[in-house]
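The values are calculated or read from the model by the stated rules, or taken from the named source; none is laboratory data. No experiment lies behind these values; they were computed from the predicted model shown. Cβ placement follows ideal geometry from the backbone for every residue including glycine, while neighbour counts extend to all protein chains displayed.
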Amino acid sequence: MKRALVAASVAVACAFAQMPAYAQDEPHHRHHRDGGTRPRDAGADTRDAGLDQRDASAAQDAVVHRDAAVNSDAGVPRADAGPVLRETTLAPEHRPRLSLEVSPASGVMTGDVIHVTLVADALTGDDVTVPQQSFAPFELHSSNMVRGEMNNGRRRTTFRLDLLALEPGSLAIPVLTVRIATADGEIGNVLTASRPVRVGSVLGNTPNAQPKPPTQPVIVMEDDYTLAWIGGIVLALILTAAITLLIARYLRRRKKAIVPSTPPRPPWDVAMEKLNALRMNQARLLAEGRMMEFVDGVSDAVREYLGNRYGFVGLESTTDEVIAYLRKVDRLGVAREQVGAMLSDCDLVKFAKAVPDDAQCQHLLDGAFYIVRATIPVVPVGPTSDGGRR
């Protein structure tokens, strides 16, 4: 009985000695109903004051299992082989649902990688990891872990392990240990089932295969036309540029002289043409009672002519503005008062709705002809070749 108590005391002391490492991996402790704070292990229960020899051995095994789980690297096993952990007791609601897939399922050859996907569906508050362990007869090549989203109080954690096949034969994916740390501070292990895998040998068809003797280096000559291609491309670019320059020079020499555009007609020619058109249609317009249209045509022809002749917008200018522009003109050739009187008479018909008779229409047309003719520039006449004047 004394030996049992001594063994139990040693187990409890070892458990408390390992508490800092456990606290580093599990940064929080859960408060129990009795108000105390203590870690609880899946393999050892220290609630009873007296422990028999069997309980002490279970406590020591749980400490070993917990140390191996805490030393894992963020839930992903390290490449070096560790101790194989045994399955420990967990409450049924804390045991995760495990599924294991191996790819390729038809077998591999030596040197190939076997992809193992382990999915653990556990309660949201439980921490699921794969501690360091041995994967013999395979070697761990790489691993990663992906935590899924929470759904109905559960979370799926996916572990992807790449195992390197180094030995041929009928082998098996070893039993994998999954560590569960519950929200209450309980730690336990769950084991997966083993999966058979056929690993073939690349030398399986060669009986008594032996390594080949070392070979001597062989000089291999290979034609390299890189410089020839580069030179050809550069030569083609130079020829293209030269031909382009020659064609451009040839086209410049053959380029036709720019044909000068037709100079605009003199404004007096345009005005005389419009006034003559009004004279030809005068009898018809007056007979139809379209005196206002006739007078508008006479006024517009004079205003447009004066604006084009002296550099202002005649059709958009009032009679007073037209006279103001004409006051700036030297040697107008016609009295400005006469121009103002003629345009004012046209404004009476256009704006005051005065109805002119045939004589008044004829008088306005004659005044328009006089204003245009009086302001046509005079071209000086030079001497002819025979000494006379034209």
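So here's what we get for this one:
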{"read-out": "Among the candidates Val298, Val270, residue that is among the hydrophobic types (A, V, I, L, M, F, W, C), touching a residue at least 60 places away in the same chain (Cβ under 8 Å) and under 30 Å from Pro356 (Cα atoms)", "value": "Val298"}
{"read-out": "Of all residues making up the range 357-372, the number that are buried (at least 17 other Cβ atoms within 10 Å of the Cβ) and either in contact (Cβ under 8 Å) with a residue 60 or more places away in the chain or more than 24 Å from Asn308 (Cβ to Cβ) (or both)", "value": "7"}
{"read-out": "The range 177-236 - residue that is charged (D, E, K, R) and farther than 30 Å from Pro92 by Cα and, of those, surrounded by the most Cβ atoms within 10 Å (Cβ to Cβ)", "value": "Arg198"}
{"read-out": "Hey, Glu149 of a type in the set (Asp, Glu), over 27 Å from Gly111 (Cα atoms) and surrounded by fewer than 15 Cβ atoms within 10 Å (Cβ to Cβ) or not", "value": "yes"}
{"read-out": "Any chance Glu186 is at pLDDT below 90 and of a type outside the set (A, V, I, L, M)", "value": "yes"}
{"read-out": "Hits in the range 269-325 - residues which are aromatic (Phe, Trp, Tyr) and either part of a loop (DSSP other than H, G, I, E, B) or closer than 15 Å to Thr375 by Cα (or both)", "value": "Tyr305, Tyr310, Phe312, Tyr325"}
{"read-out": "Any chance Val190 is within 48 Å of the chain's Cα centre (by Cα), under 30 Å from Leu118 (Cβ atoms) and not in a strand (DSSP E or B)", "value": "no"}
{"read-out": "Of the criteria (1) modelled with pLDDT of 85 or more; (2) among the hydroxyl-bearing types (Ser, Thr, Tyr); (3) more than 25 Å from Asp269 (Cβ to Cβ), which one Thr319 fails", "value": "(3)"}
{"read-out": "Filtered residues of the range 326-340 (kept if surrounded by fewer than 17 Cβ atoms within 10 Å (Cβ to Cβ) and free of Cβ contacts under 8 Å to residues at least 24 places away in the same chain)", "value": "Arg327, Lys328, Val329, Asp330, Arg331, Ala335, Arg336, Glu337, Gly340"}
{"read-out": "Count of the range 148-171 residues which are modelled with pLDDT of 90 or more and not aliphatic (A, V, I, L, M)", "value": "8"}
{"read-out": "Unmet requirement for Val355, which otherwise passes all of (1) modelled with pLDDT of 90 or more; (2) touching a helix residue (DSSP H, G or I) at 6+ places or on another chain (Cβ under 7 Å); (3) not hydroxyl-bearing (Ser, Thr, Tyr)", "value": "(1)"}
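Per-residue answers, yes or no, for (1) assigned to a strand (DSSP E or B); (2) at pLDDT below 90; (3) assigned by TED's automatic domain parsing to the domain that holds Thr177; (4) within 17 Å of Leu176 (Cα to Cα):
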| site | (1), (2), (3), (4) |
| --- | --- |
| Ser99 | yes, no, yes, yes |
| Ser106 | no, yes, yes, no |
| His115 | yes, no, yes, yes |
| Leu118 | yes, no, yes, yes |
| Gln133 | no, no, yes, yes |
| Ser142 | yes, no, yes, yes |
